[in-house]
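Taking it in order: structure first as structure tokens, then the write-up.
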Amino acid sequence: MARLTQWLLASTTAAALIAGSAQAQEQEENRFVMVTHGIPSDPFWSVVKNGAEAAAEQVGAELEYRAPSTFDMAKMQQLVDAAVASNPDGLIVSFTDEDALGSAVQNATDRGIPVITINSGGDVASKYGTKLHIGQSEYEAGKQAAERMQEMGVEKGVCVNHEQGNQGLDQRCDGFVEGFDGNAEQLATTYDPTSIRSAIIAYLNENSDVRGILTLGTLAAEPMLRAIREQGATDMFTLGTFDLSPSILDALHAGDMDFAIDQQQYLQGYLPVMFLDQFVRNGLLPAGDVPTGPGFVTQENAEQVIELSNQGIR
């Protein structure tokens, strides 16, 4: 009887330890790091971050979001290196510059850290062992913007690039120029609103035959729109941009802008966290890259998007 009692106690203790270990494993949080090139003043990236944080909360993961204070590839490389050194359960990177970030991402995948790229670099990221890309074809989106402007009667356009050297933005302008059969140019600026406004006015004064203006994000779209409004010239130009903000949506709703290209950036934050969590826990991933755009927001559907923008989702 004593031996039976001892065996039962030992069995019960072992079962309790196994159950406790299983429960601890179930409750263990995955830690994911997201590194983007988005500067804090760009509302686009606040929506990406909102999506990532919402997903992390849903799956019970810890999320660390890191970005440089200015568009700085050297600093971003340092942030990716630091993220890899911290050995996270997964890494999410906006793969903006292959030359600057390729070796850092390769280091992560060599160490067995699953990497998902978002927003930029989907055409080259897989060379460095990444799992998949979530975003849009930047070149194709720029080309579609040009084709839309041509359908609206524009014969010559300009693409305003506020982050020249950002591969994704460069590809947008390349697609735009190609879509116009070469009847378009790229105007390089900084992301300073005053400089953007001045550069656009100077360019239009020197190129009076340009009637289509495409900006590559809200940082450039808003000063461009102010400049055109100040000149009372909204009816003279066809105006398009990438991405959304409350002021851009208001301009679309009012008819002061013609279209915005929506790449649903909330999903670029939300989906990689969800996918990494499933991959770490269950080995599950989509079979291929996930396109989140391009879609077009115009005066006809702007009102539907405004409410979601106010919630930080669009």
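Assorted remarks:
- Count of residues meeting criterion [open to solvent by 50 Å² or more (accessible area, probe 1.4 Å) and outside any loop (DSSP other than H, G, I, E, B)] in the range 172-187: 4
- Candidates F275, F279, F259 - the one that is at pLDDT 95 or above, of a type in the set (F, W, Y), more than 15 Å from the chain's Cα centre (by Cα) and more than 23 Å from S137 (Cβ to Cβ): F279
- Of I248, I261, I228, all but one fail to be part of a helix (DSSP H, G or I), over 22 Å from A67 (Cα atoms) and touching a strand residue (DSSP E or B) at 6+ places or on another chain (Cβ under 6 Å); the exception is I248.
- In the range 211-228, the residues that are touching a helix residue (DSSP H, G or I) at 6+ places or on another chain (Cβ under 8 Å) and either open to solvent by 70 Å² or more (accessible area, probe 1.4 Å) or over 24 Å from E155 (Cβ atoms) (or both): G217, T218, L219, E222, P223, R226
- Of the candidates L239, L244, the single residue that is touching an Asp or Glu at 6+ places or on another chain (Cβ under 9 Å), closer than 23 Å to E163 by Cα, open to solvent by less than 50 Å² (accessible area, probe 1.4 Å) and at pLDDT 95 or above is L239.
- Filter pass, Q58 being buried (at least 19 other Cβ atoms within 10 Å of the Cβ), out of contact with any Lys or Arg (no Cβ under 9 Å at 6 or more places or on another chain), modelled with pLDDT of 95 or more and not in a strand (DSSP E or B): no
- Checked against (1) touching a Gly at 6+ places or on another chain (Cβ under 6 Å); (2) among the small types (G, A, S); (3) over 14 Å from I118 (Cβ atoms), G269 meets all criteria but (3).
- Qualifying residue in the range 189-210 (condition: assigned to a loop (DSSP other than H, G, I, E, B), of a type outside the set (A, V, I, L, M, F, W, C), within 19 Å of the chain's Cα centre (by Cα) and crowded, with 16+ Cβ neighbours inside 10 Å): yes
- Residues that are more than 20 Å from the chain's Cα centre (by Cα) number at least 1 in the following strands (runs of 3 or more DSSP E) confined to the range 89-168: 157-161.
The values are calculated or read from the model by the stated rules, or taken from the named source; none is laboratory data. Predicted model only: the values in this text are computed from it and were never measured. Here the Cβ is made from the backbone with ideal geometry for all residues, glycine too, and neighbour counts use every protein chain on show. Note: accessible area is taken over every heavy atom of the protein model, side chains too, but ligands, DNA and RNA are not part of it. Shrake-Rupley method; radii C 1.70, N 1.55, O 1.52, S 1.80 Å.
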